[in-house]
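Values quoted throughout were computed directly from the atomic coordinates according to the rules given, and no laboratory measurement underlies them. Please read all numbers here as calculations on a predicted model, not as lab measurements. FYI the Cβ positions are ideal-geometry reconstructions off the backbone, even for glycines, and counts take in every protein chain you see.
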Amino acid sequence: MRTVRLASPELGDEEQAAIARVLRSGMLVQGREVEAFERAVAERCGRAFGVAVSSGTAALELALRVLGIEGGEVLMPDVSWPSPAHAACLVGATPALLDVHPGEWNAGALDFARGRSASTRAAVVIDQFGVPSRHREIAAALPGIPIIEDAACAIGSTLDGRPCGSFGLVSCLSLHPRKVITTGEGGLCLTDDPRLADALRILRNHGQVTAGVFERPGPNLRLTEMQAAMGLVQLGRLDAIVERRRAVATAYRAALPDQAPGLATQALPEGATRNEQTFGVVLPPPFGAADRDALIAAMKARGVEAGRLSYAMHTLPSLHAARTEAAYPHADALVARGLALPLHTRMDDEDVAQVLQALADAWGAMLDSGPVSS
Ligand SMILES: Cc1ncc(COP(=O)(O)O)c(C=O)c1O
């Protein structure tokens with residue numbers, strides 16, 4: 001039986017040729033490819049400046065540093081890969097974790113407004129799984145608070161015609177292979193402010209203002225020329241990648257109500273489009289985490305790789321010092337009962353049918369037998 005993979009990057013001969021070209025040139029770091037890639041991503045996201053770095057996590061840490069965040073609290077939604085909260089801790093601040101909206105799976109304006117305290121120094125607004133947050137409403141709810149957009153998952157998504165990656169003082173992208181375009185590892189900070197762009201460039205490069213002039217201690221978080229050359233090819237593929245991902249997601253959405261009744265999916269705010277970075281489904285109560293894990297195992301037995309959806313950061317040992325709310329009913333439900341279905345450009349119609357059939361069979365059997373956990 002063949003297996004439908006959960007994720008698979010879209011890579012071709014063009015990426016190999018671009019990397020080979022750089023290798024032949026002998027110029028492997030801080031050259032023309034990185035500069036061209038930064039310009040191209042900034043343009044695509046409607047920003048004046050792009051600063052390429054080694055990962056999305058590095059981008060978040062640098063964004064906080066150039067905004068002068070060294071303490072106090074940084075507001076962010078509770079559901080995420082832990083990078084935004086880890087970045088806050090790394091600069092000396094305390095993540096303040098907000099429960100998420102049960103339909104959109106991002107924190108909304110009310111959540112941010114409620115979470116604000118006298119210690120709030122910044123907010124990280126995440127476009128989780130490529131679904132845009134309600135950026136305008138959140139910015140209006142947080143007057144005077146610098147906002148970072150975590151668009152790690154969201155290149156190719158839009159809100160009110162504006163690209164994700166264009167919101168906040170600084171926005172951060174990831175180029176990890178699970179994202180819609182990849183350079184292996186990699187990330188970018190995007191901004192419209194020339195002073196922030198300069199500060200980001202200095203900070204990612206050993207704190208050097210110009211060659212050999214070190215202004216302050218800084219890490220080396222540069223992207224290589226090989227990665228940037230690959231990124232340029234990937235960026236050229238972005239529209240086609242998103243189109244294919246949307247076709248798969250549309251097929252899932254059309255079939256789910258009949259083939260797997262009762263499973264919830266992520267809602268899209270009005271005026272938004274999504275790049276379909278992750279397709280999540282959530283089991284209804286009283287099904288619980290053990291049922292979700294059993295469903296993943298049952299799908300695996302049917303040749304389909306599904307995965308757990310995300311993390312409720314308030315439960316992670318690395319974030320024991322975070323400021324938490326009294327309860328996280330929505331984050332806990334999403335993380336305990338959510339799973340990601342395979343979604344990538346290499347899936348053909350047969351793969352889509354195999355995923356839907358496996359889900360229908362496994363979920364149907366579970367509905368018949370009832371929950372093992374509650
Ligand atoms: C919302 C979010 N922010 C940040 C990151 C970190 O990106 P990277 O893996 O490139 O460090 C991720 C990665 O999964 C993410 O999902």
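Given R₀ = 45 Å, FRET efficiency for residue 136-residue 24 by Cβ-Cβ distance, to 0.05?
Computed FRET efficiency for residue 136 and residue 24: 0.45.
Give me the extension gain from residue 243 to residue 117: residue separation times 0.36 nm, minus the current Cα-Cα distance, reported in nm with one decimal.
41.2 nm
How large is Rg over Rh for the range 13-234, taking Rg from the Cα atoms and Rh as the Kirkwood inverse mean of 1/r across Cα pairs?
Computed over Cα atoms, the ratio is 0.98.
Find, among the GluC sites (Glu not before Pro) in the range 61-157, those assigned to loop by DSSP (not H, G, I, E, B) with at most 14 other beta-carbon atoms within 10 angstrom.
Answer by residue number: 70.
7 Å from Cα along Cα→Cβ at both residue 215 and residue 353: what's the point-to-point distance in nm?
About 6.0 nm separates the two model spin labels.
Near residue 145, within a Cβ-to-Cβ distance under 9 Å, what is the net charge of the other residues, with Lys and Arg +1 and Asp and Glu -1?
+2
How big is the charge dipole of the chain about its Cα centre, in debye rounded to the nearest 20, if each Lys and Arg gets +1 on its Cβ and each Asp and Glu gets -1 on its Cβ?
It comes to approximately 560 debye.
Which is the longest stretch in the chain that no exposed loop site breaks, taking sites as trypsin sites (Lys or Arg not before Pro) with a DSSP loop state and at most 14 other Cβ atoms within 10 Å?
6-345
Report the residues of the range 195-211 in range of a label on residue 35: point 7 Å along Cα→C-beta, backbone N strictly under 16 Å from it.
Counting backbone N atoms under 16 Å from the label point, the list is 198, 201-202, 210-211.
Would you compute, from DSSP H runs of 4+ residues alone, the mean residue ellipticity of the chain at 222 nm, taking -39500 (n - 2.57) per run and dividing by the full residue count, rounded to the nearest 500?
Dividing the helical sum by the residues of the chain leaves -12500 deg cm²/dmol.
Rounded to the nearest 0.05, what FRET efficiency do residue 346 and residue 90 have when you use their Cβ-Cβ distance and R0 = 35 Å?
Plugging the Cβ-Cβ distance into 1/(1 + (r/R0)^6) gives 0.50.
For the modelled label position 7 Å from the Cα of residue 110 along Cα-to-Cβ, which residues of the range 118-154 have backbone nitrogen atoms closer than 15 Å?
Answer for the range 118-154: 134, 137-138, 141.
For residue 320 and residue 368, calculate 0.36 nm times their separation in residues minus their Cα-Cα distance, and state this gained length in nm to one decimal.
Extending this stretch completely gives an extra 13.3 nm.
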